[in-house]
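First up is the structure itself, then whatever we jot down about it.
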Amino acid sequence: MSGDPDVRSTAPFREAVIDLAVIRSNVEALRAHLTATGGAGVRTMAVVKANAYGHGAVPVARAALAGGADWLGVADIEEGIALRKAGIDAPVLAWLHDPTASFAEAISVGIDIGISSTEQLRAVAEAARTTGSTGWVQLKLDTGLSRNGIPAQEWVGAFRLARALRSEGVVVRGIFSHLANASAADDAEQRAAYERGLALAADEGLRPELTHLAATAAALARPDTRFSMVRIGIGIYGLSPWGNGFPAGLGLTPAMTLRGRVAAVRRVTAGAGASYGLAWRTPRDTTLALVPLGYADGIPRRASDRASVSIDGTRHPIVGRIAMDQFIVDVGDAPVRLGDTVVLFGNPATGVPSAEEWAEAADTINYEIVTRIGSRVPRSYRGE
Ligand SMILES: *Cc1c(COP(=O)(O)O)cnc(C)c1O
């Protein structure tokens, strides 16, 4: 049953294939949707933090810009600096900072600093003084998420300080906030708080060019949260921020396919155990195929005995525990051979499992499935 290895195949042992033409067309589709639903002129920020949700920050950033994204968004300054070092000169905003961060390098390479405290505003002024560069900032207001962002009771003080630091080279380019994606009523409450913040800022003489509140979910579902820009993360990867996919007709396609090659095949008799703890035993004679990806590669152990993979167009269940480097698939009597390609997830329109199905199997969200794909899995790119 195991047959000869497919020695002709040169496919890598494990691999995440990212289709950059898909990233580009997802950004185009999102922009077309904004335009078609009253959002003409709304700018788009492609969020490429966390190595572009595991897809590779530099190639994804380039593809998103080619698709018409106006801005790039990252969490850490280091992520923004890496984009600059790769030669990307598009506008970049970074919003999550080490408390002892120096902003000098960031502002000298033209990265906007998302500001969550008056201390950070003062640190930008200091960086502007030492570098002679303008410190472009975007004030992040906490409107209810209670993560970072300036707390409401400190808004006016921060606005006044920002205004006063104008003469020291600090310029407020934007004011933004982030939604909890809770109920419609909760989101509306946050939107109202954000608008109060904008009004208070205007009272202090701040009327920045950029105002932004919505990430993918609100950008699609709540046009009144779009303001002058939307920050799109999960959508550019073709994944839905909701558990059950996108509304029809948006034209968004998953950009990542995760795959590996069958590393071992064996025929076993009924009652044979599989993987650690022998937590699964085969109910009949069957063929087991070994897939060389495990939790070291970001495959959630929680999905043991729950998720499935696709081999040669057929779905096969994972049996037994997912281990650090490998897991076992029960392929029944299918003629699976050593070296065959196994697709863990990709574009479900082609019949393979989706990242969403893995998320359900692991009690998590598709964001986590793609973002946690480990560094041992090489990324390869199509559609450049
Ligand atoms: C991660 C993040 C986003 C992107 O969210 P998606 O749901 O992936 O679109 C937008 N804004 C901020 C502040 C974020 O941290």
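Observations on the model:
- Consider region 156-187 and keep the residues that are under 30 Å from Ala221 (Cβ atoms) and of a type in the set (D, E, K, R). The one that is surrounded by the most Cβ atoms within 10 Å (Cβ to Cβ) is Asp187.
- Condition check for Arg191: within 27 Å of the chain's Cα centre (by Cα), within 26 Å of Leu72 (Cα to Cα) and assigned by TED's automatic domain parsing to the domain that holds Ala125: yes
- Filter result for the condition that a residue is part of a helix (DSSP H, G or I) and more than 16 Å from the ligand (Cβ to nearest atom), over Arg207, Arg196: Arg196
- Among the residues of region 336-352, those identified as surrounded by fewer than 20 Cβ atoms within 10 Å (Cβ to Cβ) and not basic (Lys, Arg) are Leu338, Gly339, Thr341, Asn347, Pro348, Ala349, Thr350, Gly351.
- Residue pairs whose Cβ atoms lie under 6 Å apart, sitting 6 or more positions apart in sequence or on different chains, and linking a residue in region 224-245 that is part of a loop (DSSP other than H, G, I, E, B) to a partner that is aliphatic (A, V, I, L, M) and within 11 Å of the ligand (Cβ to nearest atom), are Arg226/Ala214; Phe227/Leu213; Gly233/Val47; Pro241/Ala217; Pro241/Ile234.
- Any hit, region 55-67, residues being under 30 Å from Asp297 (Cβ atoms) and charged (D, E, K, R): yes
- Taken together, the residues in region 309-319 that are surrounded by 19 or more Cβ atoms within 10 Å (Cβ to Cβ) and more than 15 Å from Pro292 (Cβ to Cβ) amount to 3.
Yes/no matrix, rows are residues, columns are (1) free of Cβ contacts under 8 Å to residues at least 24 places away in the same chain; (2) among the hydrophobic types (A, V, I, L, M, F, W, C); (3) touching a strand residue (DSSP E or B) at 6+ places or on another chain (Cβ under 9 Å):
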residue	(1), (2), (3)
Glu105	no, no, yes
Glu119	yes, no, no
Ser133	no, no, no
Thr143	no, no, no
Glu154	no, no, no
Arg160	no, no, no
Ser177	no, no, yes
Gln190	no, no, no
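- When residues of region 41-56 are limited to those that are out of contact with any strand residue (DSSP E or B) (no Cβ under 8 Å at 6 or more places or on another chain) and away from the ligand (no atom under 12 Å from the Cβ), the one farthest from Ile236 (Cα to Cα): Gly41
- The residue pairs whose first member lies in region 36-50 and is touching a residue at least 40 places away in the same chain (Cβ under 8 Å), whose second member is polar (S, T, N, Q) and more than 14 Å from the ligand (Cβ to nearest atom), and whose beta carbons are closer than 7 Å, counting only pairs six or more residues apart or on different chains, are Val42/Ser228; Arg43/Ser228.
- Residues that are without any contact (Cβ under 8 Å) to a residue 24 or more places away in the chain and of a type outside the set (D, E, K, R) within region 76-96 comprise Gly87, Pro91, Val92, Ala94, listed in sequence order.
- On inspection, Ser304 fails the criterion of being out of contact with any strand residue (DSSP E or B) (no Cβ under 8 Å at 6 or more places or on another chain), without any contact (Cβ under 8 Å) to a residue 40 or more places away in the chain and polar (S, T, N, Q).
- So Gly110, is it modelled with pLDDT of 95 or more, crowded, with 18+ Cβ neighbours inside 10 Å and within 27 Å of Leu30 (Cβ to Cβ): no
- Here Glu15 fulfils each of the conditions (1) farther than 19 Å from Phe176 by Cβ; (2) of a type in the set (D, E, K, R); (3) within 16 Å of the ligand (Cβ to nearest atom) apart from (3).
- Lone unmet requirement of (1) under 16 Å from Arg31 (Cβ atoms); (2) within 16 Å of the ligand (Cβ to nearest atom); (3) surrounded by fewer than 20 Cβ atoms within 10 Å (Cβ to Cβ) for Arg222: (1)
- Within region 247-267, restricting attention to residues that are surrounded by 17 or more Cβ atoms within 10 Å (Cβ to Cβ) and out of contact with any Pro (no Cβ under 9 Å at 6 or more places or on another chain), the residue that is farthest from Ala32 (Cα to Cα) is Val265.
- Selection from region 364-384 of residues that are in contact (Cβ under 8 Å) with a residue 60 or more places away in the chain, assigned to a loop (DSSP other than H, G, I, E, B) and not aliphatic (A, V, I, L, M): Thr364, Arg372, Gly374, Arg376, Pro378, Gly383, Glu384
The values are calculated or read from the model by the stated rules, or taken from the named source; none is laboratory data. Everything quoted here is computed from the prediction, not taken from an experiment. Every residue, glycine as well, gets a Cβ built from its backbone with ideal geometry; the counts of neighbours run over all protein chains shown.
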